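Novice: Got a structure for you, written out below as structure tokens; questions coming shortly.
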Amino acid sequence: MTNSQRDIAVLFHSLHTNEPVLVLPNAWDVASARIAEAAGATAVATTSAGVAWSLGIADGDQLDRDTALDVLARVVAAVDVPVTADIESGYAVSPAGVADTIRGVLAAGAVGVNLEDGRYDGPAPLRETADQGERIAAARNAADQEQVPLFINARIDTFLRAVGDPAGRLRDTLDRAAAYVAAGASGIFVPGVRDPAVISALVEGVGAPLNVLVGPGSPPVAELGSLGVVRVSAGSSIAAAAYSLGQRAVEELLGPGTYASVEGARSHSELNGLFQRAATG
């Protein structure tokens, strides 16, 4: 890998300081990535759900690795800010396969990944902690071999999937976080938490930059920052909102035959200019 990519990776790490909170309006294609960058995002994260939906595929480890990496490479080429990739559970069965995915992520030019412990291949909602630790370690070793300080954001799905006894969920999450950091994770991502008290306990106990998923019902970014959260992600919500608007506009056009849903849309020339930059920049 190039010195430039290493420098971008170092820059991305430096954004995880809480001052200000790193806000990631997740993108799912070149267009949404360019819109995020033009709006002032200091980094771009992809959303696996949004990427899958844009290709007519369901989320949940249904996307194949090569297709995901192709979209990622296009996003990286279209923006000047660091890009971090949602690679779900690594697009691989084994830790060695996860390492192969990481090499592909780095070849695409990204400098970070989300790697989740949720699983979709059987009745168990989560991987065993030791199993996920091996996958994170394989990811870290692959990045180290390429001499890129990849930011590995280890996603813990205990709260998102409501796993186990609610009384022990925080403790289980913190135990997993400690194991994942020891295995080489740079940060911890806990989607599914909105209670400020729980978020504060996670910040206190994780011992690494904490990322939470935000959306309707979540505390505002400023409040999350005051709690010690370092990074917030929109996840698939912006993609879902965009597709929902598209659905409303189509239903309005085919129903009453009116056009209120598309009022206020950006002009053809504005969008064309934005993407002309992506093509030539």
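The values are calculated or read from the model by the stated rules, or taken from the named source; none is laboratory data. Everything numeric in this text was worked out from a predicted model, so none of it was measured. Note that we place each Cβ from the backbone using ideal geometry, even for glycine, and neighbour counts take in every protein chain shown.
Novice: Could you grab me the full set of residues in segment 100-120 that are part of a loop (DSSP other than H, G, I, E, B) and under 17 Å from residue 181 (Cβ atoms)?
Specialist: We begin by selecting, within segment 100-120, every residue part of a loop (DSSP other than H, G, I, E, B); these are 109-111, 117, 119-120.
Correct list: 117 only.
Novice: Which residues, counting only those in segment 39-62, are over 19 Å from residue 12 (Cβ atoms) and surrounded by fewer than 22 Cβ atoms within 10 Å (Cβ to Cβ)?
Specialist: Correct list: 53, 54, 55, 56, 57, 58, 59, 60, 61, 62.
Novice: Another question about this same structure. So is residue 176 part of a helix (DSSP H, G or I), crowded, with 21+ Cβ neighbours inside 10 Å and among the basic types (Lys, Arg) or not? Working first, answer last.
Specialist: On the way: part of a helix (DSSP H, G or I): yes; crowded, with 21+ Cβ neighbours inside 10 Å: yes; among the basic types (Lys, Arg): yes.
In short, yes.
Novice: Identify the single condition in (1) surrounded by 12 or more Cβ atoms within 10 Å (Cβ to Cβ); (2) assigned to a helix (DSSP H, G or I) that residue 212 does not satisfy, given that it satisfies every other one.
Specialist: Every condition holds for residue 212 apart from (2).
Novice: Name the pairs: first residue in segment 188-207 and on the phi < 0 side of the Ramachandran plot, second residue surrounded by 14 or more Cβ atoms within 10 Å (Cβ to Cβ) and of a type in the set (D, E, K, R), Cβ to Cβ under 6 Å, at least 6 apart or on different chains?
Specialist: If the second residue must be surrounded by 14 or more Cβ atoms within 10 Å (Cβ to Cβ) and of a type in the set (D, E, K, R), the pairs left are 189/155.
Novice: Could you go through segment 225-245 and let me know if any residue there is farther than 29 Å from residue 15 by Cβ and either over 22 Å from the mean Cα position of the chain (by Cα) or aliphatic (A, V, I, L, M) (or both).
Specialist: Step one: list which residues in segment 225-245 are farther than 29 Å from residue 15 by Cβ, which gives 244-245.
Checking the rest, the ones that are also either over 22 Å from the mean Cα position of the chain (by Cα) or aliphatic (A, V, I, L, M) (or both) come to 245.
Scanning segment 225-245 turns up at least one residue that is farther than 29 Å from residue 15 by Cβ and either over 22 Å from the mean Cα position of the chain (by Cα) or aliphatic (A, V, I, L, M) (or both).
Novice: Cβ-Cβ below 8 Å, separation at least six or inter-chain, first residue in segment 96-122 and free of Cβ contacts under 8 Å to residues at least 24 places away in the same chain, second among the aromatic types (Phe, Trp, Tyr) and buried (at least 17 other Cβ atoms within 10 Å of the Cβ): which pairs?
Specialist: Short answer, once both residue conditions are applied: 97/91.
Novice: Next question, about the same structure. Going through 69, 11 one at a time, which residue ends up being on the phi < 0 side of the Ramachandran plot, part of a helix (DSSP H, G or I) and touching a residue at least 60 places away in the same chain (Cβ under 8 Å)? Steps first, please.
Specialist: Working: 69 fails: touching a residue at least 60 places away in the same chain (Cβ under 8 Å).
Sole residue among the options that is on the phi < 0 side of the Ramachandran plot, part of a helix (DSSP H, G or I) and touching a residue at least 60 places away in the same chain (Cβ under 8 Å): 11.
Novice: Answer yes or no: is there a residue in segment 265-281 that is buried (at least 17 other Cβ atoms within 10 Å of the Cβ) and outside any loop (DSSP other than H, G, I, E, B). Spell out how you get there, then give the answer.
Specialist: Step one: list which residues in segment 265-281 are buried (at least 17 other Cβ atoms within 10 Å of the Cβ), which gives 278.
Those still in the list that are outside any loop (DSSP other than H, G, I, E, B) too: 278.
Yes, because at least one residue in segment 265-281 is buried (at least 17 other Cβ atoms within 10 Å of the Cβ) and outside any loop (DSSP other than H, G, I, E, B).
Novice: Can you confirm whether segment 46-63 contains a residue that is farther than 25 Å from residue 125 by Cα, out of contact with any strand residue (DSSP E or B) (no Cβ under 9 Å at 6 or more places or on another chain) and among the polar types (S, T, N, Q)? Walk me through how you get there before you give the answer.
Specialist: So in segment 46-63, the residues farther than 25 Å from residue 125 by Cα come out as 54-55.
Now restrict to residues that are out of contact with any strand residue (DSSP E or B) (no Cβ under 9 Å at 6 or more places or on another chain): 54-55.
Still in the running and among the polar types (S, T, N, Q): 54.
Checked segment 46-63: at least one residue is farther than 25 Å from residue 125 by Cα, out of contact with any strand residue (DSSP E or B) (no Cβ under 9 Å at 6 or more places or on another chain) and among the polar types (S, T, N, Q).
Novice: Still on this model: Quick check on segment 121-128. Is at least one of its residues in a helix (DSSP H, G or I), among the hydrophobic types (A, V, I, L, M, F, W, C) and either out of contact with any Lys or Arg (no Cβ under 7 Å at 6 or more places or on another chain) or modelled with pLDDT of 95 or more (or both)?
Specialist: So in segment 121-128, the residues in a helix (DSSP H, G or I) come out as none.
No: zero hits.
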